[in-house]
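As structure tokens, the structure follows; a few thoughts come after it.
The values are calculated or read from the model by the stated rules, or taken from the named source; none is laboratory data. Every value quoted in this text rests on a predicted model; they were computed, and no experiment measured them. For neighbour counting, all protein chains shown are included, and Cβ atoms are generated from backbone atoms with ideal geometry for every residue, glycine included.
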Amino acid sequence: MKKISILLSVFFTTLFAFSAHAGDNLGDHPSEIAVKIIDQDKNGTNFRAAPAGEVKKVIAFSDENSRKNVGIVLDSPANNGWFKVSLANSEEGYLHYSVLGACTIVTELKKEPYEGAKTISVKTNTPVYLEEAPVIFSGSTAFLKLSFYRAGKREFAYANYNMLSGDANCGHGKHPKYR
């Protein structure tokens, strides 16, 4: 009986320690990475019920509050370029990668999707664009594949939750793949 008690104690201590560590690694929103809607369509952005599915609503181009701090839901993989997202009001739906971007809040992005990877230098507040690749997990840290421009050349990198802002204004244009 004593052995079972000790084993259960070790199991639950390990489980709670891992859960706490995973939450710390993913910040205040352990299930999301903050991005923003960068769609330049003056008619608004289609917010869908499913990937390429029915339009739940159109987010107005002028609705800045709904266009920023969109959370990519990390427990749902990208589906042919469609990300499950949560709006600021917690409403969930789908947006295509081509209408999503963020601004860097760091001066280095990762060359590969893992901690300890070599880095690429960028300026703080650089506009970055999401790519259609799914969210990539390395341990308990989630990474997004991004593209950005430096010296007129399109480059690719990876970022985790604490490298991006979905609130800042850094001058996005139309997604590079759709220009």
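A few points about this structure:
- Residue among ILE72, ILE120 that alone is of a type in the set (Val, Ile, Thr), at pLDDT below 90 and assigned to a strand (DSSP E or B): ILE72
One line per residue, one yes/no per condition, for (1) surrounded by 21 or more Cβ atoms within 10 Å (Cβ to Cβ); (2) closer than 17 Å to TRP82 by Cα; (3) touching a Phe, Trp or Tyr at 6+ places or on another chain (Cβ under 9 Å):
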position: TYR114; (1), (2), (3): no, no, yes
position: ASN125; (1), (2), (3): no, no, no
position: ALA151; (1), (2), (3): no, no, no
position: ARG154; (1), (2), (3): no, no, yes
position: LEU164; (1), (2), (3): yes, no, no
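- Residue within the stretch 50-61 that is at pLDDT 90 or above, under 17 Å from ALA159 (Cα atoms) and outside any loop (DSSP other than H, G, I, E, B) present: no
- Taken over the stretch 58-116, the residue count meeting the criterion of being small (Gly, Ala, Ser) and in contact (Cβ under 8 Å) with a residue 40 or more places away in the chain is 8.
- Looking only at the stretch 78-91, and only at residues there that are surrounded by fewer than 16 Cβ atoms within 10 Å (Cβ to Cβ) and in a loop (DSSP other than H, G, I, E, B), the one that is modelled with the highest pLDDT: GLU91
- Residues that are assigned to a loop (DSSP other than H, G, I, E, B) and either in contact with a helix residue (DSSP H, G or I) (Cβ under 9 Å, 6 or more places away or on another chain) or of a type outside the set (A, V, I, L, M) (or both), drawn from the stretch 92-117: ILE105, VAL106, THR107, LYS111, GLU112, PRO113, TYR114, GLU115, GLY116
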